[in-house]
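Structure, as C-alpha cells:
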Amino acid sequence: AWAARVEALSRRQDAGSRVADLADRIARATGIADEVRDLKKSVDDSPVTDKVLASLRSADAALRQAVTVRDAVATTVEVAGPADGTVTVDREPRELVGGSATVHVTGHQEIGLGDWTVTVTPSRDVSEVSEEVTRARADLDRLLVAAGVEDLTAAEAAAAARQDAAEEHREAVLRLTQVTGTGTVDDLRNRHERAAAEVEELGTRADEALQRIHDEDPEGAVVLPGVPGADTGDEITATSAELTDEADAALREAERIQEDITRVTRAGAAVRLEGRKTELERATAGRDRLAATLAADREQRDDASLDSELAEAATALAEAREALAEAESRTGVIDIGTLSSLAEGATSRMRRLRERAEETGHAVSRVTGALGEHAGVAEEVEDTRTAVERAEREHRRVSAQAEAAALLYSEVQEALARARERYEAPLRATVERLARTLYGSEVDFEFGDDLGPSRRTLDNVTLDTTQLSGGAREQLSVLTRLAVADLVGGGDAVPVIIDDALGFSDRGRIDRMNVVLDTLGRDHQIIVLTCDLDRFDGISGATLVPMRQVLAG
C-alpha cells in the first residue's frame, strides 16, 4: 500500500507540473494566436502588395519617361507675369507659379493672356507624345485609386508597412510554433484536459492506497519519512538517496529478523511445536479472513486469482496440521507447563519480530516502488547526452560546410566582379566609339551583369534597351558583336558573320552602319548574308559574292 501511494503521489506531482506548464503554454499560445490572426488580417487587408507597388513604380517610370520624351521634342513656351496671375492653355486656367509658367507645345495650342489669345503651332506636329503623357498619367492615377493611396510615396510607405506586418506575422508564427511545438492550441488544451484527468485519477489511487494503509496499520506504526500520510500534505519530500538508504536499512533489518527467527525456531522441539501451533492459528485466521473478504475481493480481482490464494491457504493449513501432529508425537512426556511458559515467551518475541519483519517488508515494498518510479532515469540521461553530442557534431559539420560555401560564394562573386570591371571598361569604350559613328553624336551606354547593354543615353535622353525600337535594338546588337570581335582580335583579324540584319532600320542609320562595317572590314573579315543588296551598297570595300556562285563552288 505504501509503494502504491508513493507511486501515485509521485506521478501526481509530475502530472500536476505538466498541468501547470500546459496552462501557462495555453495562455501564451492563445495570446500569440490572436496576434498572428490580427497581423494576418492586416497583411491581407493591405492592397499595396509587392506586385501592386511594382506596377505603380513601372507606371510612374513610364510617365516620367513620357514627360521626358515630350519635353525633348516639344516647343517650349515661357510665359511671365504677376506672381498671382493666371493664363489659359486651351481654355484651361494655369497659375503663374513664381511669376512664370512653362508650356510644352506639341501641336496646335492656344494660350490666353487676359484679352489676348496667342496660337502656337510648332514646326511639326508631335501631339502623339502628349497623348502618351496623358495615357501614362491616366494609367498611374488608375493604379493609385485602386491601391487607395495618393501618390507613389504613400504607396511605398503602405508597402513598407505591409512588409513589416508580414515580417511580424512570420515572427509571431515562429513564436507560436515554439510554444505549441508541432501541434495547435487545441492540441495543448486536449493535453491539459488529459493531464488534469490523470491528476484526479492518481489522487484517487493515492487515497485508496492510504485507506489500505489505515486498514492494515490502524495505529499508524509504520511511517515513511518524506512521504505524506493521512494528516500531511500531498507532496513527496523524500529524495531518491533517502529512499535508497531506507530500502537498504529495511533489507538489513529483515535479514537480522530472519536470523532471530531461525535461532528461535532451533531452540527445541517444544518451541517448534508452539511455532507450528502459532502458524496453525495464523493459517486458520488467514483462511477465515480470506473467506470473509472473498466477496469484497471479487470486486477487485477475478475468481481464478481468489481460488488460487484460497488453495494456497488450505495447503498451508494442512501442512501446519501435519507438522503439529509430528511435533506432538516427538514431544512425548515433556512438561507441558514448562513448554507453555517457554512458548509464551517465544511467542511474544516472535510476535515482535514478525511485526518488525512486516514493517521491514512494507518499507522494502515502498522503497522498491519509489525506486521503480525513478528507474531508467540514468539511461535516459545518458541517451540524451549522446543525442546532444551527436547533434553538436552534426552542427559543427554543417556549420563548417556553410562557412566553406559562404567563403566560396564570396570569392566567386568577388572574382566575377573583378572580371566584369576588367572587361566592361574596354567593351564600353569600343561600343561607344562605334556608336558615335552610327548616331553622329556622343552616346553613353550602361551594361548589365551579363556585360550586355542595358541603358542608352543619347541627346540627354536615357532609355532602357527594352524601350528602344526594334531597329535600334538590332543596331545595338550588331555594334556589340563588332566591338567584341575588335577586342578579341587584339590586332589580328577575326571573322564576323551578320545574317540579314538592319531590316527594321531607316535609311540614315543603314548608311552610317555601312560606314562602321567598312571601317572594321579593313582589319577583320566581315561576312554579311542578305537578300537586299541596297542595305549594304554603301560599303565601299565590300566584295559581292552571289549565293548561286557559293552553291556552285
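Every number here is computed from the coordinates shown, using simple stated rules; none is lab data. Note that the structure is predicted; figures quoted are calculated from it, not measured. Cβ: placed from backbone, ideal geometry, glycine included. Neighbour counts: every protein chain shown.
Things to note:
- In terms of surrounding Cβ atoms within a 10 Å radius of their Cβ, T347, T117 rank from fewest to most as T117, T347.
- Taking M513, M547 and counting other C-beta atoms within 10 Å, the order from fewest to most: M547, M513
- Note on A80 and R282: their simple-model spin labels are 13.1 nm apart, each label 7 Å out from Cα toward Cβ.
- Taking the number of Cβ atoms within 10 Å of each Cβ as an exposure proxy, the fewest-first ranking of Y423, Y409 is Y409, Y423.
- Cα centroid separation, segment 87-105 to segment 474-553 (Å): 51
- Projecting the Cα atoms of L544, F447, S477 onto the charge dipole of segment 424-552 (Cβ charges, centred on the Cα centre) puts L544 farthest toward the positive pole.
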